[in-house]
Amino acid sequence: MPEPFISLSPAEMEVPQIYEILVAGVQPRPIAFISTVSASGQRNLAPFSFFMAGGANPPSLVYSPTLNKEGGKKHSLINVEETGEFVVNMVTREMANGMNAYSLDYPDRMNEWDMVGFKPISSDLVKPERVKESPVQFECKVHEIIIHGSSPAAACYVIGEVVKIHVLETVWDGRSIDPLKFRPICRMGGPHYLDTNSLELFSLEGPSGSTKPS
């Protein structure tokens, strides 16, 4: 008797359904609040849950600012192509509502830092600023950008080498980040999130027209 699986072929499916299955099947996902700066100095801040740690020697992080609904590049990709630098700011429950407001695609090169009110603080080795409210921040230099596809929702893997790490003293145990004190939120499927501090599931409906976090 065959196993009761539902088997699907992506080649025969619509992209929105594929996306829904991916984000519901690969969860929970930590959220990278990515800070970038364009070559002309325009600052951008955007959340991405298509994000993961890479290796440790050298240390690396990867996020994917997928192509937008017109098949164009998002500011977080254009900026790193121009400057080769970004900062990953991890997101806590206290930051959730503000982070969610940044999921709206604002007009071209608009200063998104001004929209909600997170406080920027200077980085040490890269130009993009850090988010003061984030307890864990990684300054990164781009190692490689890999674009997989050219249609809307295609992946754009930004691989960054971590060149500086900042950890709030209250979540530091003397050697590393204390997992019992640092409790980031994670993205689940649909509008749902997980608060890793309380293990509470909560929902955030994105602003009208939002496309992020991926």
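The values are calculated or read from the model by the stated rules, or taken from the named source; none is laboratory data. Keep in mind that this is a model prediction, so the values were computed, not measured. Cβ: placed from backbone, ideal geometry, glycine included. Neighbour counts: every protein chain shown. Surface areas here come from the heavy atoms of the whole protein model, side chains and all, with no ligands, DNA or RNA. Shrake-Rupley method; radii C 1.70, N 1.55, O 1.52, S 1.80 Å.
With contacts taken as Cα pairs under 8 Å at a separation of at least 6 residues, the chain carries a relative contact order of 26 percent. As a fraction of the 1.4 Å probe accessible area of the chain, surface on carbon and sulfur atoms comes out at 56 percent. Take the chain with all the other protein chains still there, run a 1.4 Å probe, and you get 53 Å² of accessible area per residue. For the stretch 126-214, GluC sites (Glu not before Pro) meeting the loop criterion (DSSP other than H, G, I, E, B) and having at most 16 other Cβ atoms within 10 Å: E205. Taking a ≥ b ≥ c as the square roots of the eigenvalues of the alpha carbon gyration tensor, the stretch 121-214 is oblate, as a/c is not under 1.5 and a/b does not beat b/c.
Projecting the Cα atoms of F5, H166, G206 onto the charge dipole of the chain (Cβ charges, centred on the Cα centre) puts H166 farthest toward the positive pole.
Taking the Cβ-Cβ separation of A53 and Q17 as r and a Förster radius of 25 Å, what is the calculated FRET efficiency to the nearest 0.05?
With R0 = 25 Å, the Cβ-Cβ based efficiency is 0.30.
For K127, the lysines whose Cα comes closer than 26 Å to its Cα, not counting residues fewer than 8 places off in the same chain, are K73, K74, K119, K141, K164, K212. A full extension of the chain between H148 and E3 corresponds to an added length of 48.9 nm, given 0.36 nm per residue minus the alpha carbon distance. Take the Cα of I159, step 7 Å toward its Cβ, do the same at S198, and the gap between the two points is 4.0 nm.
At most 14 other Cβ atoms within 10 Å plus a DSSP loop assignment makes a site exposed; report the longest stretch of the chain without any exposed trypsin sites (Lys or Arg not before Pro).
Excluding the exposed sites themselves, the longest stretch runs over 1-68.
The order of H166, H148 by accessible area, most exposed first and with a 1.4 Å probe, is H148, H166. About its Cα centre, the chain has a charge dipole of approximately 360 debye under the convention of +1 per Lys or Arg Cβ and -1 per Asp or Glu Cβ, with nothing else charged. Computed over every Cα-Cα pair of the chain and binned at 5 Å starting from 0, the pair-distance distribution P(r) comes out as 1, 7, 15, 19, 21, 16, 11, 5, 3, 1, 1, 0, 0 percent.
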